[in-house]
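The block underneath contains the structure these notes are about, expressed in structure tokens.
The values are calculated or read from the model by the stated rules, or taken from the named source; none is laboratory data. None of these values were measured; they are calculated from a predicted model. Virtual Cβ from ideal backbone geometry, glycine too; neighbours counted across all protein chains shown.
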Amino acid sequence: MNDPRALPQTSSDESSEAPTRPPGSSRRGVLRAGAVAAGLGMAGLPLPPASAAGRTPAQAPTGARGADSYLVGRGIADATGEVAEVGLMGYGRADQQAEGLHTRLRARAFVVAERAPDGTAGERVALVVVDSPMIFSSVHQAVLRALAERYGDLYTARNVMITATHTHAGPGGYSHHLLYNLTTLGFHAKTFDAVVRGVVEAVGRAHADLAPAELSLSRSELRDASVNRSRAAFDRNPADVREHFPDAVDPLTTLLRIERQGRLVGAVNWFATHCTGMSGDNRLVSADNKGYAAYHWEREVAGADYLAAAPEVICAFAQTNAGDMSPNLDLRPPTTPEDFERTRLLGLRQYEAAARQVERPGTRLTGGVDSRLVYVDLSDVTVEPEFTGDGRSHRTAKPAVGAAMAAGSLEDGPAFPGFTEGENPLWDAISHSVIYTVSPELRDAHAPKAIAVPIGEMNRILPWVQEIVPVQLVRIGRLYLIGIPGEVTIAAGLRLRRTVAGIVGADLDDVLVAGYANAYVHYVTTPEEYDAQHYEGGSTLFGRWQLPALQQTAARLARALRDGRELPAGTPPPDLSGQVLSLQPPIVLDAPQLGRSFGDVLTQPRESYRAGERVTAVFAGAHPGNDLRRGSTYLRVERAEGGAWRTVADDGDWSTTFRWRRDGVAASKVTVTWDVPEGAEPGSYRIRYHGEAKPLVGATRSFTGTTRAFTVLG
């Protein structure tokens, strides 16, 4: 089971055919057909029959037609950030410093508005899915400020939901809370700016794209893309939870389809699995499995050209209650280089489960669009007996990091040595020692957690973690999304979903947890799971009653939304932008190697290659942090065509990598690779590298390096 190709191929669905599209006339035709065929074949799925030729998901039938019920807009933008000398976010490893780019990170936005009889837009919501480790309060606040400057009160905290895919291969340093910037030498303004601008641009493009559309909802099951990494904790839950998830996974895959005149133009898929396909040893920025699922649909299947125009079809793959769901089906962390193929296969499975749903009618959505949001101080909530389960009231507590959190999730990648999941007698002793003392009140409030760091007490001096958080509820027709700013286990998610569904009268499967939404406060576990003090329980910062507190809040939102009542939002968290700390040394100077110029090719490609082989070129480069090339590319793979060079791949493609390393004091070496895909057209190719060099004084200077031509053989 260690070979990713040997992972079980048992996706459950009513249809067995994954729709594909033959290569068209766009510049992606050289890559697309081979990539799709190879992807389906390696996943063990049948290729579509001849009768399906030319019928893409964008042309699939959806059942009965009628008047378009909504105005819907779609938008996509680059949100990549820095790709060198910045810590990657997710594994908490100080040694995991970015050294280049595997795939660009993107923000995908969807604005959905009620359509009045006169065709104007009524109540609206904006859903944003970002290829990002987390959405911190810093980003949430900055995005809302920028949207207010552009659109007044049209887009607010109440009706904008920003969620992260939770890739563990994205640059960090964009939080205003210290805990998340420990491995990045503090705050990174360039990455923060890239994430914020990417989200704002995506929403702006979705706003400008508003047009009549139909929305359809469908769901299926996907059972070979997740495994419960904390089974012993899950098994502590009562029978009603265990019976709902007999395999201890949440197999629900839900697809929201956006169609105009019978043609698919957008989709949002929700499925619970971690974005930890790329290992902790990886050093390249990557969108991981959910990013690949979106890329495959938009670019390899539908032929998108991100550098030229918005994709015909914009597809987001969002998280739900993925807290204890791992993509590493053998329950061991991936290793480089197997992580690339594992990540692709898990993304492909999510795409296939979503795309198969397009082949059959979905449930057409009708009804209103609405939203509610409140800010809750999770460190100080009195939870009523209705939600505690023991007939008594309880209180949440000041945040504290458990020893099990410091141990990390062993199935996806361990963290600090000296910590284990479960009991930690050493750290129990330390918490009672003279090194630091945990108050009896705090210890009792968090019991049975072994407190490693009383981080709430540290908040009194500097802002380490967030305590006041947004909780949101969004309705689009019969679909309800509960926006939770954390990593919710499947059992905790089930309780939240049942709470909301029972109040609004919805089918349980039409109520989803939108995890990693609008802020980040680590994990949300059931009280029973919390007692096990595995990684997830140790990472539940506000104590045993944190989930019941969130259920109570979700119930308030649900009752208000059901009754058409407004809710006071409460006091938002403070703006901490003036308190950020940055220790990252600036880029001082770029200089080429002795006797070389910027852009010189230090290692040329071979004269010829075949499909499946890797082309490698090394350039005299400069620091990529001088220009993030957001919306552009550091590299191009070009093919000679009709007397001109046409781009067939760039740094947003799965087939390319861009690696940077310092060569001496001020020189840089940039290595570009391209894996020649199956189906690549024979012909003459070359690789180009685009950089910016920083002199000691003055503005940066653009340059380009170009390899000699090489041949791809048929």
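Let's see how each residue does on (1) over 24 Å from GLN261 (Cβ atoms); (2) in a helix (DSSP H, G or I):
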{"residue": "LEU331", "(1), (2)": "yes, no"}
{"residue": "THR335", "(1), (2)": "yes, no"}
{"residue": "LEU345", "(1), (2)": "yes, yes"}
{"residue": "ARG356", "(1), (2)": "no, yes"}
{"residue": "ARG360", "(1), (2)": "no, no"}
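Per-residue answers, yes or no, for (1) farther than 27 Å from ARG344 by Cα; (2) of a type in the set (Gly, Ala, Ser):
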residue: VAL648; (1), (2): no, no
residue: ASP651; (1), (2): no, no
residue: VAL670; (1), (2): no, no
residue: ALA680; (1), (2): no, yes
residue: SER684; (1), (2): yes, yes
residue: GLY714; (1), (2): no, yes
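In this entry, ALA569 is excluded by the filter for residues that are buried (at least 16 other Cβ atoms within 10 Å of the Cβ) and in contact with a strand residue (DSSP E or B) (Cβ under 9 Å, 6 or more places away or on another chain). Here region 703-714 is the region considered, the condition is being over 14 Å from VAL615 (Cα atoms) and in contact (Cβ under 8 Å) with a residue 40 or more places away in the chain, and the residue that is surrounded by the most Cβ atoms within 10 Å (Cβ to Cβ) is GLY705. Residue count for region 218-246 under the criterion of being farther than 21 Å from ARG342 by Cβ and either assigned to a loop (DSSP other than H, G, I, E, B) or in contact with a Gly (Cβ under 8 Å, 6 or more places away or on another chain) (or both): the result is 8.
The residues of region 604-641 that are over 28 Å from the mean Cα position of the chain (by Cα), crowded, with 21+ Cβ neighbours inside 10 Å and assigned to a loop (DSSP other than H, G, I, E, B), listed by number, are PRO605, ALA622. Scanning region 91-134 for residues that are part of a strand (DSSP E or B), among the small types (Gly, Ala, Ser) and within 26 Å of HIS690 (Cα to Cα) yields ALA98, GLY100, ALA107.
Among residues of region 572-602 being in contact with a strand residue (DSSP E or B) (Cβ under 7 Å, 6 or more places away or on another chain) and not in a loop (DSSP other than H, G, I, E, B), the one that is farthest from HIS690 (Cα to Cα) is SER582.
With respect to the conditions (1) crowded, with 24+ Cβ neighbours inside 10 Å; (2) modelled with pLDDT of 95 or more; (3) under 19 Å from the mean Cα position of the chain (by Cα); (4) farther than 29 Å from ASN159 by Cβ, LEU284 falls short on a single one, namely (1). Inside region 572-595, residues that are more than 15 Å from VAL665 (Cβ to Cβ) and either in the same structural domain as LEU182 (by TED's automatic domain parsing) or surrounded by 11 or more Cβ atoms within 10 Å (Cβ to Cβ) (or both) make up a count of 11. For region 658-704, the tally of residues that are under 25 Å from VAL86 (Cα atoms) and part of a strand (DSSP E or B) stands at 24. Per the listing VAL249, VAL265, the residue uniquely part of a loop (DSSP other than H, G, I, E, B) and β-branched (Val, Ile, Thr) is VAL249. For region 458-496, the set of residues classified as outside any loop (DSSP other than H, G, I, E, B) and without any contact (Cβ under 8 Å) to a residue 24 or more places away in the chain consists of MET458 only.
Within region 332-378, take every residue that is among the hydroxyl-bearing types (Ser, Thr, Tyr) and closer than 29 Å to ASN518 by Cα and give me the one that is surrounded by the most Cβ atoms within 10 Å (Cβ to Cβ). That would be THR343. If the condition is being of a type in the set (S, T, N, Q) and buried (at least 20 other Cβ atoms within 10 Å of the Cβ), then region 664-702 contributes only SER668.
For ARG497, the conditions (1) over 29 Å from GLY362 (Cα atoms); (2) over 19 Å from the mean Cα position of the chain (by Cα) are fulfilled apart from (1).
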